[in-house]
Amino acid sequence: MSELLETIEVLTAPNPTVAIIWMHGLGADGNDFVPLVNELDLAGLPGIRFVFPNANTMPVTINNGYVMRSWYDIVHADLGRREDEAGLRASQQQVEALIAREKARGIPASRIVLAGFSQGCAMTLQTGLRHPETLAGLMCLSGYVPLADKVAGERSEASLATPIFQVHGQHDGVIPISRAVASRDLLAALGYQVEWHDYPMQHSLCQEEIDHIGAWLKKVLA
């Protein structure tokens, strides 16, 4: 087993009973979403441990081989072509190790949320759909289902009960909204309960989205 990824942790109260493992996008790091904790309306929720991991660094093909933090290589601008299956599966195991650490610290799978933006969203779905237990939820921001043709055969039965929150920008020039809609429709066809929102934004976040995240967390963690 490889070493645990470096993480940044933010606790909303001592002795948290909920964990949210939140994965960054390509070229960012764990600091990216730390400021968002204070922007979320978490009133009435139990103590939460936010865990922001740093992906390892690797050369990224689409960026001329430049070395940056990345969950997997991106070989082609059309994200469905020539996916880095080995990289996706290796990072999946690293996310599973973070889930295992939260369980070892006393937080059951049913109180663990996987979250991610862009590549981090892809990792949320890559891991969460295959995790053998029902998680508290999958928060999927501006991303897509990777290895989409393999999900039906690999997803766990327990994951069908995991609620999914999926949002996307209508003007996203990095991951077209059509890719996100196709992912949403695939998940729905497989029997998942998906809460979907889209916003008049690009590959980013907006205040309405932050409000919806807070409301969804209250729904799945209350």
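The values are calculated or read from the model by the stated rules, or taken from the named source; none is laboratory data. Since the model is a prediction, treat every value here as computed from it, not as a measurement. Quick reminder, even Gly has a Cβ in these numbers, built from the backbone with ideal geometry, and neighbours come from all protein chains shown. Heavy atoms of the whole protein, side chains included, go into the accessibility calculation; ligands, DNA and RNA do not. Shrake-Rupley method; radii C 1.70, N 1.55, O 1.52, S 1.80 Å.
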Output for segment 20-59, where each listed residue is in contact with a Leu (Cβ under 9 Å, 6 or more places away or on another chain), outside any helix (DSSP H, G or I) and more than 28 Å from VAL75 (Cα to Cα)
ILE20, LEU40, ASP41, LEU42, LEU45, PRO46, GLY47, ILE48, ARG49, PHE50, VAL51
Could you identify the single residue in GLY87, GLY116, GLY120 that is part of a helix (DSSP H, G or I), of a type in the set (Gly, Ala, Ser), touching a helix residue (DSSP H, G or I) at 6+ places or on another chain (Cβ under 9 Å) and at pLDDT 95 or above?
GLY120
Criterion first (among the charged types (D, E, K, R) and assigned to a loop (DSSP other than H, G, I, E, B)) does GLU9 satisfy it?
no
Would you please list the contacts, defined by Cβ atoms under 6 Å and residues six or more apart or on different chains, that run from a residue in segment 11-38 that is more than 9 Å from PHE50 (Cβ to Cβ) to a residue that is among the polar types (S, T, N, Q) and assigned to a helix (DSSP H, G or I)?
GLY25/GLN119; LEU26/GLN119
Out of THR127, THR134, I need the residue that is of a type in the set (S, T, N, Q), open to solvent by less than 30 Å² (accessible area, probe 1.4 Å) and under 26 Å from ARG155 (Cβ atoms). Which one?
THR127
State whether one or more residues within segment 60-78 are in contact with a Pro (Cβ under 6 Å, 6 or more places away or on another chain), of a type in the set (A, V, I, L, M, F, W, C), more than 24 Å from THR134 (Cα to Cα) and modelled with pLDDT of 95 or more.
yes
